[in-house]
Amino acid sequence: MIGVVYHNIPIMGLVHRPYVERNGTVGETFFGSLEFGIYKGSFDRTWDNRKIEEREFSYMEPFSTGSEVMDLDKHVLNVNVCWHRENAQNEECLEYLKPCKFVEDGGAGKRVLRVLDNINEMWVFPGYGQSGWDMCGPEALIRGRLGITTDCYEERFEYTSEIDPIRGCIFASNKVLYDLAIKRMGKFLPYLRTII
């Protein structure tokens with residue numbers, strides 16, 4: 001993962017997935033910026049140098065605006081959470097987000113790629129400990145598709161020397177889903193802010 005920051009704001013990001021399927025030869029690269037959007041390209045380890053140099057990248061349209069969500073109270077949020085930091089906050093957060101379905105993944109890059117690929121609607125990490133260098137590139141990519149990114153205090157990340165560790169994160173593909181998650185976590189967030 002690579003992130004470029006200008007005046008404490010992530011403006012460019014790159015996340016590389018070395019393989020799409022375990023033991024496969026195909027991988028993907030996602031890169032882009034706030035100004036020009038996000039692009040995705042595949043590669044195959046069997047390709048020669050010329051084929052790799054000539055590969056094409058496709059533009060990823062901005063995320064949907066969320067207008068297709070008809071009944072917010074019944075909408076089943078599709079959430080990605082961190083599996084290797086199992087704690088009471090994860091369980092409690094998921095209880096507040098219901099109705100929801102979730103997948104537990106390891107690695108900030110993998111979690112953000114699931115949102116970029118429209119597999120999950122959001123990534124929620126209700127804890128303390130993510131590193132700024134883990135978040136910068138992914139945040140730029142989500143914002144490059146016009147998604148919403150904040151910490152659990154509903155504040156933008158500012159990438160300074162004092163950012164680490166991150167105070168949780170909520171990365172959503174659009175404002176409608178972000179606001180729905182914040183609403184559902186209403187009583188949980190004030191408590192969470194006392195411990196992270």
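Checking the conditions here, which among L177, L189, L146 is at pLDDT 90 or above and within 19 Å of Y6 (Cβ to Cβ)?
When all the criteria are applied, what remains is L146.
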Regarding the stretch 15-24, can at least one residue be identified that is among the aromatic types (F, W, Y), on the phi < 0 side of the Ramachandran plot and either at pLDDT 95 or above or in the same structural domain as A108 (by TED's automatic domain parsing) (or both)? no
Where D179 falls short, out of the listed (1) closer than 16 Å to F63 by Cα; (2) under 15 Å from the mean Cα position of the chain (by Cα); (3) not aromatic (F, W, Y): (2)
Assigned to a loop (DSSP other than H, G, I, E, B) and either buried (at least 21 other Cβ atoms within 10 Å of the Cβ) or touching a helix residue (DSSP H, G or I) at 6+ places or on another chain (Cβ under 8 Å) (or both), is that true of F157? yes
If you check E104 against the conditions, is it among the acidic types (D, E), out of contact with any strand residue (DSSP E or B) (no Cβ under 6 Å at 6 or more places or on another chain), modelled with pLDDT under 90 and assigned by TED's automatic domain parsing to the domain that holds I170? no
Of all residues in the stretch 141-196, count the ones that are of a type in the set (D, E, K, R) and either in contact with a Ser or Thr (Cβ under 8 Å, 6 or more places away or on another chain) or closer than 20 Å to I11 by Cα (or both). 10
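The values are calculated or read from the model by the stated rules, or taken from the named source; none is laboratory data. Predicted model only: the values in this text are computed from it and were never measured. Don't worry about glycine lacking a Cβ; one is built from the backbone with ideal geometry, like all the others, and counts go over all protein chains shown.
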